[in-house]
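Following: one structure in structure tokens, then a few remarks.
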Amino acid sequence: MEFSLSEEQLMIQQAARDFAQNELLPGVVERDDAQNFPWELVQKMGELGFLGMMVGEQYGGSGLDTLSYVLAMEELSKVDASASVMVSVNNSLVCWGLETYGTEAQKEKYLTRLTSGEAIGAFCLSEPEAGSDATSQKTTAKDMGDHYVVNGTKNWITNGSSAEIYLVIAQTDVEKGHRGINALILERDMEGFVIGPKENKLGIRGSDTHSLMFNDVVVPKENRIGEDGFGFKFAMKTLAGGRIGIAAQALGIAAGAYELSKKYAKERKAFGTEIANHQAIAFKLADMHTKIQAARNLVYQAACDKDSGEDYSLSGAMAKLYASEVAMETAVEAVQIHGGNGFVKDYHVERLMRDAKITQIYEGTSEIQKIVISRSILKE
Ligand code: CAA
């Protein structure tokens, strides 16, 4: 399949590449060590339009297609997957969910802030006992007439403390099972909203991941997204698109590891010649290149399906499953090609290897993607 990119798409790809090289690369090792991400960088991403890429211009977004978003995600992820997960969650889960299913008042109140870099959002589905098994929500949103009272705990929330706007999935009517779940918009300064300590993670360490506690948080009814009981479907529909963003992140990590490895192999000498001249290394690069191209085709296809109004649950799940496997495999091989230097932080590939792992876990583990894929192909 041939994906010919328009001039605008090429420009966006270049802008993301420049931003990644000029603004994200300096300090990426230190941010990973310190587990932080300066707010000025978030604001810059907002100014450059990376935080609301697919949102309509009337809400401050860039009004771009999914393929442009995927191109930008790929470039940012080559250098800093902590930055790109912020971009991914804000774009695919929070902004897309709000723009597609929110009321006009919700869009006016929240979207402009989320696209500009004034505020970022978080998507709160996972719980201590509801990770893959997402229908088992223990967080409750008790219906009190004109408002809900929210109680419970959410786990592993990306942008946990840096966000201001949180989309929270909670159970209102237990008897209705997943049809009794709602999606509510919470704000960080609501009374009873507690942010837990930052998780100390293997990878994407610059991104802030927290548990959140809700103690009798009063949320007005106007903050519910969609009809009563739409919350679980909202989460599933939103995640179907989110998986394309994470697939693009995995693709970027793989491509970043490959580019560093190719450059290194052409410079580093052993046994009297550049190591790229040894077949053991050249074949590794050949495998990496082939698999990355296959992953890229799947990711771009899923983006194009979304842009053309086709169902993208299947293609998005396939893209995420395959691209995340390629990311992990490529990053491990990249460390091997770099030898002792690969084990050292300054060469970047050990970070890419640590960052790759989460792409097989969040927004649905590889096993969950296989559930989505197998159910889809078996009902055909
Ligand atoms: N679109 C619309 N509706 C969907 C849907 C989709 N893609 N997928 C499922 N549904 C609907 C079903 O139609 C069903 O509704 P009805 O009964 O009314 O028909 C309902 O949702 C329940 O579906 P299932 O019976 O298939 O539910 P299940 O319990 O078998 O679970 C699952 C399905 C796919 C395994 C789901 O639980 C799942 O995706 N789990 C993984 C959760 C996940 O991805 N978590 C990631 C956390 S977010 C994150 O990581 C963000 C971050 O910070 C980076």
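Considering only residues of region 216-273 that are in a helix (DSSP H, G or I) and among the β-branched types (V, I, T), which is nearest to E363 (Cα to Cα)?
In the first step, residues of region 216-273 are kept if they are in a helix (DSSP H, G or I); the result is 221-223, 231-267.
Filter once more, keeping what is among the β-branched types (V, I, T): 238, 244, 246, 253.
Working: T238: 10, I244: 10, I246: 8, I253: 17 Å.
Across region 216-273, the extreme among qualifying residues is I246.
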message: Quick test of your reading of the structure: F343 fulfils all but one of (1) away from the ligand (no atom under 16 Å from the Cβ); (2) within 30 Å of E274 (Cα to Cα); (3) under 24 Å from the mean Cα position of the chain (by Cα); (4) not aliphatic (A, V, I, L, M). Name the failing condition by number.
response: (3)
- prompt: Within region 348-363, can one find any residue that is within 13 Å of the ligand (Cβ to nearest atom), surrounded by fewer than 19 Cβ atoms within 10 Å (Cβ to Cβ) and under 20 Å from the mean Cα position of the chain (by Cα)?
  reply: yes
statement: Sole miss for I157 among (1) modelled with pLDDT of 95 or more; (2) more than 10 Å from the ligand (Cβ to nearest atom) is condition (2)
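Taking the criterion of being touching a helix residue (DSSP H, G or I) at 6+ places or on another chain (Cβ under 7 Å), within 12 Å of the ligand (Cβ to nearest atom) and within 27 Å of E108 (Cβ to Cβ), would at least one residue in region 216-223 satisfy it?
Within region 216-223, the first condition is being touching a helix residue (DSSP H, G or I) at 6+ places or on another chain (Cβ under 7 Å), and the residues that meet it are 222.
Retained after the next criterion (residues that are within 12 Å of the ligand (Cβ to nearest atom)): none.
There is no residue in region 216-223 that is touching a helix residue (DSSP H, G or I) at 6+ places or on another chain (Cβ under 7 Å), within 12 Å of the ligand (Cβ to nearest atom) and within 27 Å of E108 (Cβ to Cβ).
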Meets criteria (buried (at least 20 other Cβ atoms within 10 Å of the Cβ), touching a residue at least 60 places away in the same chain (Cβ under 8 Å) and within 12 Å of the ligand (Cβ to nearest atom)) for S261: no
statement: Residue pairs qualifying under the 8 Å Cβ cut-off, at least six apart or on distinct chains, with the first in region 220-246 being of a type in the set (D, E) and the second being more than 10 Å from the ligand (Cβ to nearest atom) and assigned to a helix (DSSP H, G or I), are E222/A105; E222/Q106
- prompt: Are any of the residues in region 324-331 within 15 Å of the ligand (Cβ to nearest atom) and of a type outside the set (A, V, I, L, M)?
  reply: yes
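Does at least one position in region 373-380 carry a residue that is surrounded by fewer than 20 Cβ atoms within 10 Å (Cβ to Cβ), at pLDDT below 95 and away from the ligand (no atom under 13 Å from the Cβ)? Give the steps one after another, and end with the answer.
In the first step, residues of region 373-380 are kept if they are surrounded by fewer than 20 Cβ atoms within 10 Å (Cβ to Cβ); the result is 373-380.
So of that shortlist, the ones also at pLDDT below 95 come out as 379-380.
So of that shortlist, the ones also away from the ligand (no atom under 13 Å from the Cβ) come out as 380.
Checked region 373-380: at least one residue is surrounded by fewer than 20 Cβ atoms within 10 Å (Cβ to Cβ), at pLDDT below 95 and away from the ligand (no atom under 13 Å from the Cβ).
Is region 312-322 home to any residue that is at negative phi, at pLDDT 95 or above, among the aromatic types (F, W, Y) and within 13 Å of the ligand (Cβ to nearest atom)? Spell out how you get there, then give the answer.
Going residue by residue through region 312-322, those that are at negative phi are 312-322.
Of the ones still in play, those that are also at pLDDT 95 or above are 312-322.
Now narrow it down to the ones that are among the aromatic types (F, W, Y): 312, 322.
Restricting the remaining residues to those that are within 13 Å of the ligand (Cβ to nearest atom) gives 312.
Checked region 312-322: at least one residue is at negative phi, at pLDDT 95 or above, among the aromatic types (F, W, Y) and within 13 Å of the ligand (Cβ to nearest atom).
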message: Show me the strands (runs of 3 or more DSSP E) entirely contained within region 123-193 in which 1 or more residues are closer than 30 Å to T112 by Cβ and touching a His at 6+ places or on another chain (Cβ under 7 Å).
response: 147-158
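Return the only residue of A303, A294 being assigned to a helix (DSSP H, G or I) and touching a residue at least 60 places away in the same chain (Cβ under 8 Å). Explain how you work it out, then say what you get.
Numbers: A294 fails: touching a residue at least 60 places away in the same chain (Cβ under 8 Å).
Only one candidate qualifies: A303.
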message: Looking at I195, I246, I275 in this structure, which one is within 16 Å of the ligand (Cβ to nearest atom), among the aliphatic types (A, V, I, L, M) and surrounded by fewer than 23 Cβ atoms within 10 Å (Cβ to Cβ)?
response: I195
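When you scan region 101-117, do you find a residue that is within 12 Å of the ligand (Cβ to nearest atom) and either surrounded by 24 or more Cβ atoms within 10 Å (Cβ to Cβ) or in contact (Cβ under 8 Å) with a residue 12 or more places away in the chain (or both), even just one?
Narrowing region 101-117 to residues within 12 Å of the ligand (Cβ to nearest atom): 101.
Checking the rest, the ones that are also either surrounded by 24 or more Cβ atoms within 10 Å (Cβ to Cβ) or in contact (Cβ under 8 Å) with a residue 12 or more places away in the chain (or both) come to 101.
Checking region 101-117: at least one residue is within 12 Å of the ligand (Cβ to nearest atom) and either surrounded by 24 or more Cβ atoms within 10 Å (Cβ to Cβ) or in contact (Cβ under 8 Å) with a residue 12 or more places away in the chain (or both).
The values are calculated or read from the model by the stated rules, or taken from the named source; none is laboratory data. The structure displayed is predicted, hence computed values, not measured ones. Note: ideal-geometry Cβ built from the backbone for every residue, glycine included; neighbour counts use all protein chains shown.
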